[in-house]
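One structure is given below, encoded as structure tokens.
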Amino acid sequence: MCDSPRLSRRTILSGLAVGFGAIVLPKLPWIPEALASGAPSSVTPDQALQWLKEGHTRFLSGKTQTPHLTAQRIAETASQGQHPFATLISCSDSRVPVEHIFDQGIGDLFVIRVAGNVADTDEIGTAEYGAGHLATPLLVVVGHTKCGAVTAVVKGDEVGGSIPQLVDNIVPAAQRAKAKGLSGDALIVDAIRENVYQSLEDLRNNSEELTHLEHQGKLKMVGAVYHIEDGSVEWLPDRLSMANAATARDAIEQAVYSWAGLWSASNVERYLACYAPSFHGKPFANRKAWEAQRRKALLSAGVITLSIDQLQISLQDANHGTATFLQGYQGKSYQDKVKKRLTLQLEKDKWLIVGEEILKA
Ligand SMILES: [Zn+2]
């Protein structure tokens, strides 16, 4: 690099990225070094997160073990390769010494340090190397309080050289924090959190490899803010899963109203398709018997009105939820109102009913 003064770091690294991108990017063709030795592919994302949390607790309580700093570890990692259990993107700030904060040693953490813990092309490529090639099950973006890079962007400070290109990744985070009407210290604190979320978003939006690993459950992506005042790490709630939960609730609501509408209109086949193939209502022994009863009931009732009131949705996890509501049935010669609970499951991108029961009012 030193003998090519006309090329910037970014140009050289992106040139390299093209070099191994051609081999690497299609679909994780690297054989993880981890598999060769049996570690850390056996480490789950939650286990890796737990190790970081335990190390941080040791750091905070002054009981650090400063593990893996022995001559034996140096020799081992040199001869057998590296098997870190987490990839981290943190700021270059000298007050954020990543290995120390988490009480880890040689070969434990794959660390990307860049001012403002941004995730641009080079950082994303490096994160892909950590999570993909080295198979770390955890990727953490660590922001920190009093971050100069974030503060400069929020305050609109003039910066020169190559710094504008570096900090432009922080701009959307600063805008989001400002849009909340915050000012002073509160604005900076919020922008620092938003900037962690921004890096996570940039990683997900610009790396198919990382999102693929995340969807497979092989990688967990987490945000954190390190407090330089007292040395503590604040783990940020997962905004993506919060957004997913909101989407899932909306989808369940839609499925319930669609089910009620199809029943009202006696659209028998589409009504039956609202139920999972394995579903058959009690007391029917099988799907066929249940379907026959439902066909007969819907067709003989003619057009009815089915109302849904007081709908409450709860999610058990990303793929399972329940909808509880007051169901009003108004037919030609019959009407009733019952409290009902539908249990739904996400199957092939569709929320299907797997359970239906009338609750005691
Ligand atoms: Zn910083």
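Going through (1) closer than 28 Å to Gly81 by Cβ; (2) crowded, with 23+ Cβ neighbours inside 10 Å; (3) in contact with a Leu (Cβ under 9 Å, 6 or more places away or on another chain) one by one, Glu208 falls short only on (2).
Close contacts from segment 97-117, counting a first residue that is touching a residue at least 60 places away in the same chain (Cβ under 8 Å) and within 23 Å of Thr151 (Cα to Cα) and a second that is more than 16 Å from the ligand (Cβ to nearest atom) and among the aromatic types (Phe, Trp, Tyr), with Cβ to Cβ under 6 Å and a gap of 6+ residues or different chains, come to Ile101/Phe59.
Under the condition of being modelled with pLDDT of 95 or more and either of a type in the set (Val, Ile, Thr) or closer than 21 Å to Gly217 by Cα (or both), the residues counted in segment 47-69 number 8. Could you please find all residues in segment 119-141 being buried (at least 24 other Cβ atoms within 10 Å of the Cβ), aliphatic (A, V, I, L, M) and touching a strand residue (DSSP E or B) at 6+ places or on another chain (Cβ under 9 Å)? Of everything in segment 119-141, those that are buried (at least 24 other Cβ atoms within 10 Å of the Cβ), aliphatic (A, V, I, L, M) and touching a strand residue (DSSP E or B) at 6+ places or on another chain (Cβ under 9 Å) turn out to be Ala119, Ala127, Ala131, Leu138, Leu139, Val140, Val141. Number of residues in segment 163-177 that are more than 27 Å from Ile101 (Cβ to Cβ) and more than 23 Å from the chain's Cα centre (by Cα): the value is 3. Against the test of being of a type outside the set (A, V, I, L, M), within 16 Å of the ligand (Cβ to nearest atom) and under 25 Å from Ser94 (Cα atoms), the options Asp202, Asp230, Asp190 yield a single qualifying residue, Asp190.
Being away from the ligand (no atom under 16 Å from the Cβ) and either touching a residue at least 24 places away in the same chain (Cβ under 8 Å) or over 19 Å from Val98 (Cβ atoms) (or both) holds for only one residue in Gly160, Gly223, Gly143, Gly148, and it is Gly160.
Of the residues making up segment 321-334, those that are surrounded by 12 or more Cβ atoms within 10 Å (Cβ to Cβ) and either outside the structural domain of Glu253 (by TED's automatic domain parsing) or closer than 22 Å to Asn267 by Cβ (or both) are Ala323, Phe325, Gln327, Gly328, Tyr329, Gln330, Gly331. Checked against the criterion of being more than 16 Å from the ligand (Cβ to nearest atom), of a type outside the set (S, T, N, Q) and closer than 18 Å to Gly231 by Cα, the candidates Phe102, Phe110 yield just one match: Phe102. For first residues located in segment 78-96 and over 13 Å from Gly223 (Cβ atoms) and in the same structural domain as Lys218 (by TED's automatic domain parsing), partners that are among the charged types (D, E, K, R) and away from the ligand (no atom under 12 Å from the Cβ) and lie 6+ apart or on another chain with Cβ distances below 8 Å form the pairs Gly81/Glu33; Gln82/Glu33; His83/Glu33; Pro84/Asp108; Phe85/Asp108; Ala86/Asp108. Residues in segment 83-99 that are within 14 Å of the ligand (Cβ to nearest atom) and out of contact with any Lys or Arg (no Cβ under 9 Å at 6 or more places or on another chain): Ser94, Pro97.
Apart from one condition, Asp122 fits all of (1) part of a helix (DSSP H, G or I); (2) within 16 Å of the ligand (Cβ to nearest atom); (3) acidic (Asp, Glu); the exception is (2). Go through the residues of segment 83-93 one by one and say whether even a single one is modelled with pLDDT under 95, surrounded by 12 or more Cβ atoms within 10 Å (Cβ to Cβ) and β-branched (Val, Ile, Thr). For segment 83-93, residues modelled with pLDDT under 95, surrounded by 12 or more Cβ atoms within 10 Å (Cβ to Cβ) and β-branched (Val, Ile, Thr): absent. Annotation: Ala318 fulfils all but one of (1) without any contact (Cβ under 8 Å) to a residue 24 or more places away in the chain; (2) over 21 Å from Val268 (Cβ atoms); the unmet one is (1).
The values are calculated or read from the model by the stated rules, or taken from the named source; none is laboratory data. Since this is a predicted model, take the numbers as computed values, not measurements. Glycine also receives a Cβ, built like all others from the backbone with ideal geometry; neighbour counts cover every protein chain displayed.
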